[in-house]
Amino acid sequence: MSAGTLYDKVWQLHRVAELADGATQLFIGLHLIHEVTSPQAFAAIRELGLGVRHPERTVATVDHIVPTSSQARPFSDPLAEAMLATLERNCSENGITLHGLGSGRQGIVHVIAPELGLTQPGMTVACGDSHTSTHGAFGAIAFGIGTSQVRDVLACQSLAMAKLKVRRIWVDGALQPGVYAKDLVLHIIRQMGVQKGVGYAHEFAGPAIAALCMEERMTICNMAIEGGARCGYVNPDATTFSYLKNREYAPKGEAWGKAVAWWSALASSSDAVFDDEVLIDASSIAPTVTWGITPGQGIGVDEMIPQLDQIPTAERPLAEEAYRYMDLKPGSAIAGVAVDVCFIGSCTNGRISDLRAAAAVAKGGKVAAGIKAFVVPGSEQVAKEAEAEGLDQLFRAAGFEWREPGCSMCLAMNPDRLEGREISASSSNRNFKGRQGSATGRTLLMSPAMVAAAAITGCVSDVRKMLNNPN
Amino acid sequence: MDNIFPSGAITKISGKAVVLSGNDIDTDRIIPARFLKCVSFDGLGAQVFADDRKELNKGAAGFHPFDQPEKQGAKFLFTNQNFGCGSSREHAPQALMRWGIRAVLAESFAEIFFGNCLALGIPCVQVKQTLILELQALANEATNPNFVLDLASSSISSEGCSWAIELEKGIQQMFLSGRWDGTAQLVANNEALNKTAAALPYLNNLWA
Ligand code: SF4
């Protein structure tokens, strides 16, 4: 049984009651909502005759369905328009702040809450979206929920939950140049598989994690769910506090010092007990690329796609399915695999540091012939910052499209999608069959810098070589 | 097909079983994202596994399990490890429920999916690998047998055979008592909610 961990402390602080059947009622400090998983929840509370208990702790934005080429209203897709109109009505009827299009604060829900300073250490954060784990980067306990649970949080700002176990993933060493947080998390999932996290909260710790900036920590926690863990977190430290300082919703003035003291005390104690521990060495990690249909099917860019006999028996049926679906040859190199579409964006890698890393690779280059490459900032703020630095011009000059903020080609709920058997180099988080909008479309997950490298060369390429020999 | 959604106490479920073999079947496959463009769950039943079904049905391998004529009206889904991983979309269990599924037996489940099913009154029962393989083989036999899941006695039976299953006590109680839909219970704890909220520094500016 874990004790003295941040998870335990935050859990205790938010415990409301023990319920008849053994679950705990847990208070939710921040409830984030968006247009896809909330309409049925609002309908349900209306039917029950209930209101929103804490509208001031509920924050909405629109991200999944928004087009990224033109965001003029009404959207050309009437279903998308209806979803946004429903969210707008639900928010205004219930007194909920909606950071809508053109507000300067709109964007992917997991990008905007941190950048506005809404996400803070020690909070419980829930959202009808599995990548809510992202907010754990701040030392919050953050997890995705389904629509029935969105209904519950709207109605009573709490949830029936079972306590998770806590596993510490200790990352030693340092990432090498050209190797990013995305590579680290893909490597962790490759090592641990996509199921090991079920039933656990993952605490990411160790020198390699301490060295990461907040945006990189968000990338790691974002993909905790791909390793099966509903919740991942990093203990708050000086990096966390300096990121939060002066953000719109962060405590100010005298409150700031007190908040920092409270936040600091929440970090896992040095004698904390974990239910499990895993050790990862960051220094040996290469840029990592997925070759299959789960985020666990990844390899270093300098490796060969594994042959069946190199794969544990239990994972072979899935590997065979992946060979068939991806049409990639076991035993062949992943480097050199030609791609059709290059996508930089998403709640995993759509932040300013991601765009900068990709821009450093794209600078002065030209997108290879026949390749569709596009950059989708994670939020209006990210877009503004990037444009102020001239990144939009840099990308455009290199042949990338520069789009408006949204989830875009991370999933297929807006016009951005793969066609037929197209294969993408993508900075998003899921390479599931059909994820990017074509039932037969294929996805190779990688870091934004690696996506930029693929765009310039037309195929999967080792970004380290391009950084060493800039064009 | 009687498709009355679960309500109240759930003690027994009986019906045919459809088999989906494979691990890590994600919610994008259960319900592709384009079907999430809706403000109600009503139309989802027909879309369950839409892309997998379309893909398989055009090949020579025969129908997708959800399209096999003899499986129409089935109440059980028997599948393998980490079922329902990926996206939190409740549209996935909603689509399964609206197609007719009333219980899922698997080697293991992704957590959010498990919780979503619970909130809809769809038991997700975790069983050992040997048992799920046995049940899958039986369900695939030409006789297409009937199964009975008895939540009170923690067993699944078919054709005179019965197997013990392990149910987490609290969850078993939720189904048997009808408390699986817990909103009322949560709302009732009004005072405790106020107390917890009042003690949280970030809610009350206790640090100001
Ligand atoms: S960017 Fe992708 S993973 Fe993130 S919230 Fe949007 S659809 Fe979900």
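The values are calculated or read from the model by the stated rules, or taken from the named source; none is laboratory data. Owing to the predicted nature of the structure, the values given are computational and were not obtained by experimental measurement. We place every Cβ from the backbone using ideal geometry, glycine too, and count neighbours over all the protein chains shown. Accessible surface is based on the protein model in full, side chains and every heavy atom, while ligands, DNA and RNA are left aside. Shrake-Rupley method; radii C 1.70, N 1.55, O 1.52, S 1.80 Å.
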Using the crude model of +1 on Lys and Arg Cβ and -1 on Asp and Glu Cβ, and no other charge, please compute the dipole size for the protein assembly as shown relative to its Cα centre, in debye to 20. 560 debye
With the charge dipole of the protein assembly as shown built from beta-carbon charges (+1 for Lys and Arg, -1 for Asp and Glu) about the Cα centre, the Cα from A:N235, A:S92, B:A17 projecting farthest to the positive end belongs to A:S92
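Work out the FRET efficiency for A:T313 and B:D150 from their Cβ-Cβ distance, taking R0 = 41 Å, and round it to the nearest 0.05.
The formula returns an efficiency of 0.75 here.
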Rg and Dmax [Cα atoms of region B:1-126; Å; Rg one decimal, Dmax integer]: 13.5, 43
I want to check a number: in region A:133-259, how many lysine pairs have alpha carbons closer than 30 Å, given a sequence separation of 8 or more or different chains? 9
Putting +1 on Lys and Arg Cβ atoms and -1 on Asp and Glu Cβ atoms, find which of A:Q106, A:V375, B:A60 reaches farthest to the positive end of the dipole of the protein assembly as shown. A:Q106
Enter the accessible area per residue of region A:129-228 (Å², integer; probe 1.4 Å; all protein chains in place). 21 Å²
Using the heavy atoms of the protein chains alone and a 1.4 angstrom probe, what is the accessible area of region B:21-83 per residue in square angstrom? 38 Å²
Quick check for me: using +1 on Lys/Arg Cβ and -1 on Asp/Glu Cβ, what's the dipole size of region A:83-199 about its Cα centre, in debye to the nearest 20? 440 debye
Any lysines with Cα under 16 Å of the A:K465 Cα? List them, leaving off those in the same chain fewer than 8 positions away. A:K363
Nothing charged except the Cβ atoms of Lys and Arg (+1) and of Asp and Glu (-1): what's the magnitude of the dipole of region A:1-122 about its Cα centre? Round to the nearest 20 debye. 260 debye
Relative contact order of chain A (C-alpha contacts under 8 Å, at least 6 apart) in percent is 17 percent
Rounded to whole angstroms and listed largest first, the alpha-carbon spread of region A:264-370 along its three principal axes comes to 54, 44, 24
Judged on accessible area alone, 1.4 Å probe, highest first, A:S76, A:S103, A:S268 line up as A:S76, A:S103, A:S268
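With a 1.4 Å probe and all protein chains left in place, how much of the accessible area of the protein assembly as shown comes from carbon and sulfur atoms, in whole percent?
Carbon and sulfur atoms account for 52 percent of the accessible area of the protein assembly as shown.
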Normalised by the empirical 2.2 N^0.38 Å for globular proteins, what value does the Cα Rg of region A:313-452 take? 1.07
Values of log10 I(q)/I(0), in the order q = 0.11, 0.21, 0.22, 0.24 Å⁻¹, for region A:137-211 under a Debye, Cα-only, solvent-free model: -0.41, -1.04, -1.09, -1.20
No solvent, one uniform scatterer per C-alpha: report log10 I(q)/I(0) for region A:274-331 via the Debye equation at q = 0.18, 0.22, 0.31 1/Å, two decimals. -0.69, -0.90, -1.31
Be a star and scan region A:432-463 for residues whose amide nitrogen sits under 16 Å from the point 7 Å along the Cα-to-Cβ vector of B:K58. A:434, A:437-442
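Region A:196-312: Rg/Rh from Cα coordinates, Kirkwood Rh?
1.05
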Taking the Cα centre of each part, how many Å lie between region B:143-208 and region A:403-471? 40 Å
Orientation-averaged projected area, Cα convex hull of region A:212-279 (nm²): 5.9 nm²
Compute and list, largest first, the equivalent-ellipsoid semi-axes of region A:83-202 from the alpha carbon gyration tensor, each √(5λ) rounded to a whole angstrom. 30, 20, 13
In a Gaussian network model over chain B where Cα atoms closer than 10 Å are linked, find which of B:E191, B:E90, B:E107 has the largest mean-square fluctuation. B:E191
Hey, how many Å between the Cα centroid of region A:3-41 and the Cα centroid of region A:186-223? 21 Å
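How big is the equivalent ellipsoid of region B:11-55 along its three axes, where each semi-axis is √(5λ) from the Cα gyration tensor, reported in whole Å from largest to smallest?
21, 17, 10
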For region B:58-208, state the average projected area of the convex hull of the C-alpha atoms over all orientations, rounded to one decimal in nm². 12.7 nm²
Which values of log₁₀ I(q)/I(0), to two decimal places, follow from the Debye formula for region A:395-455 at q = 0.15, 0.16, 0.20, 0.27 Å⁻¹ with a uniform point scatterer at every Cα? -0.44, -0.50, -0.78, -1.24
Under a Cβ-Cβ cut-off of 9 Å, what is the net charge of the residues other than A:L391 that fall near it, where Lys and Arg count +1 and Asp and Glu count -1? -3
Cα extents of region A:151-259 along the principal axes, largest first, in whole Å, come to 43, 38, 19
Could you point to the residue in A:T58, A:A208, A:I169 farthest towards the positive end of the protein assembly as shown's charge dipole, with +1 and -1 charges on the Cβ of Lys/Arg and Asp/Glu respectively? A:T58
Contact order normalised by length for chain B, with contacts defined as Cα pairs under 8 Å and 6 or more residues apart; what percent is it? 25 percent
Starting from 0 in steps of 20 Å, tell me what percent of the Cα-Cα pairs of the protein assembly as shown lands in each bin. 19, 55, 25, 1
